[in-house]
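Only one structure is covered here, and it is reproduced in the block below.
The values are calculated or read from the model by the stated rules, or taken from the named source; none is laboratory data. Here the structure is a predicted model, which means the values were calculated and not measured. Cβ: placed from backbone, ideal geometry, glycine included. Neighbour counts: every protein chain shown.
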Amino acid sequence: MTPRAANSSASGPALLIPPRRLRLLPGWSRGDSPVIQTPPRNPRPEAGAFEVGISPDRIELRARDAAGFLYARQALEELRTRHGDRLPAVELSDWPDFPIRGFYHDVTRGKVPTLDTLLALAERCAAHRLNHLQLYIEHTYAFREHHEVWQGASPLTAREIRQLDARCAELHIDLVPSFSTFGHFYTWIHRKFPELNELERDVSGDPFTWWDRMAHYTLDCRDPRSLDLVAGIIREVAPLFRSRYFNICCDETFDLGTGKNREAAERLGKDRLYVDFLNAIIRVVHEAGRTPMFWGDIVRDHPGLLGEIASDAVLLHWDYSRRPAETMAAKLKAARRPFCVCSGASGWNRWLPDRRTAHANIVTLARQGLTHGALGSITTDWGDCGHINCLGPTFPEIALAGASAWNARSSSLGYRTFYRRASRLLLGDDSGELALLLGQAASTAKAEWTAISRNWQPRSPNMPADWFDARTGLFCDLLKFTPRAHRSALRRLEALTLAIDRLLDSARPGDPVLTPEIRLGLHGLRLMEKLALVCHHHAGNLRRPPVDAAQLAAEFQGFDLELARVWAMRNKPSELERIREVLRSITAYLQGGRRVD
């Protein structure tokens, strides 16, 4: 029998990231054959490159660095998991496209994971050959001198970060500090430093809203105390991380030049205010011995600023759309600016991730980054408006982040091809349909958590009045879709839930929290559609009550308890209570706070 070549899409050894080169050989090997680590036969320049050779009498793992041996061992374990004690004889080799292959996880907008969850996340990232992890923090670290800022948020501690950093180092993952230092300073300003707000109004007495946390507040960049505060943050947290990088964020400075610095902005330009403060923060990072990273959305609108920013600062180019434009990546290449492309898992503000958008976005941006010489590909998982999205349903997107950053042009990255493989290898679903059906459920939903949460939280004084319907007082986007659209979505979601439940009953996901998270997400989608129909009835768009309000109120009460139970499986208490306050307000509305029949 002669050896036969196989490409990454051929049948044969089942790996979530199919290797670039795979040659099936005659014979089989026992799973307990001796395993030998040796240098590669065909060395590659990329860090993490590896080879696996399986023959009837032994197994060879070949690499030139420790990361490569880790990935080789993981590939072998994947083969053992799928094939048991009878491994196919094979020669395979693989190497990455990007030196930086990252996952970016929000731990600040409502949900702080436990240390065990973060350690498990690091293991999962390494299993998908991701070597870069960032946790987004505004106020959810236990700063030594600022307990007012993190009080009640179950913050990460110095001990926890050091433990996570140590484990990441063992897994060849660079744990990079990522702290807000310019925009998104809401909690700091609201609780302790109102005088450093760009806006002239004292906001310390305003009620909490997710809208303000997302859209406000920006530091007063011309007040020297602002830079002193930021420098103190950087100097305190940088020593906790081994990474040479420090992400200063500096994104979405929405308030910049609209308050105290309005006159300066009119005279000098908002772009000048921005780049001067950005460069001041970069100097602090350099003084701490680190290389800065920063989000590129402001520079995207002012590309002329690129030449004024330190040449080593890595720009994080983000675009979370289904069809991301390629123009910015091309400009960055032309400017010789080091950059990473940053895609999105599209889970934020959703009970289940928007799989279609996430897939198109992650794969397209990775390919654009490869074309234009990006340092890396990083996939983000944000937690806007309370972080209702659970981590488990995003596991396939974490895997896709790793696969696309490893081999962006692989034929195995097609939507159905990838998610069928992910269903089997990650979700324990032999049918290969579970991830695809969950994607259909997310695409079917019409009701939006953003609108629901804004309607049932205190109204922010910063929110435009015309966002609310003058006659009913409802947030206008609650009525964006027609009653027919919501009814159709609800019927489809009910049918999909039955099909998914059947698959979950027989699936073997490996992670005990995944199934409760998926069921919570499906329940949330259905409830929001029912609530939207009630709102339409309240607005006079339906003659008859679409559902029994008392029964729906009881369902929301049960969902509140279900959310709390599932939340606790991976997370600290954090700010769960804020979501529960919204759910209780909805319950009161259904019980008669406003007429619904």
Listed by range, helices (runs of 4 or more DSSP H) wholly within the stretch 344-448 having at least 3 residues that are touching a Phe, Trp or Tyr at 6+ places or on another chain (Cβ under 9 Å), at pLDDT 95 or above and farther than 21 Å from Glu326 by Cα are 384-387, 395-406, 434-444
I'm trying to understand the selection: among the residues of the stretch 63-94, which are of a type in the set (Phe, Trp, Tyr) and crowded, with 22+ Cβ neighbours inside 10 Å?
Tyr71
Among the residues of the stretch 138-180, count how many are of a type in the set (Gly, Ala, Ser) and assigned to a helix (DSSP H, G or I).
3
Please count how many residues of the stretch 340-372 are of a type in the set (Val, Ile, Thr) and touching a strand residue (DSSP E or B) at 6+ places or on another chain (Cβ under 6 Å).
2
Show the residue pairs that are 6+ apart or on different chains and have beta-carbon atoms under 7 Å apart, the first residue being within the stretch 27-46 and closer than 22 Å to Arg80 by Cβ, the second being outside any loop (DSSP other than H, G, I, E, B) and among the aromatic types (Phe, Trp, Tyr).
Gln37/Phe69
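Results for (1) assigned to a helix (DSSP H, G or I); (2) over 30 Å from Arg124 (Cα atoms); (3) touching a Gly at 6+ places or on another chain (Cβ under 9 Å); (4) hydrophobic (A, V, I, L, M, F, W, C), shown as yes or no for each residue.
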site	(1), (2), (3), (4)
Pro461	no, yes, no, no
Thr472	no, yes, yes, no
His486	yes, yes, no, no
Leu490	yes, yes, no, yes
Ala495	yes, yes, no, yes
Asp501	yes, no, no, no
Arg508	no, no, yes, no
Pro516	yes, no, yes, no
Arg519	yes, no, no, no
Give the stretch 139-175 a look and list any residue that's aliphatic (A, V, I, L, M), buried (at least 24 other Cβ atoms within 10 Å of the Cβ) and in contact (Cβ under 8 Å) with a residue 60 or more places away in the chain, or say none.
Leu175
Confirm whether Ser506 is closer than 24 Å to Gly432 by Cα and of a type in the set (S, T, N, Q).
yes
Can you pull out every residue in the stretch 475-519 that is within 25 Å of the chain's Cα centre (by Cα), closer than 19 Å to Asp430 by Cβ and among the hydroxyl-bearing types (Ser, Thr, Tyr)?
Thr515
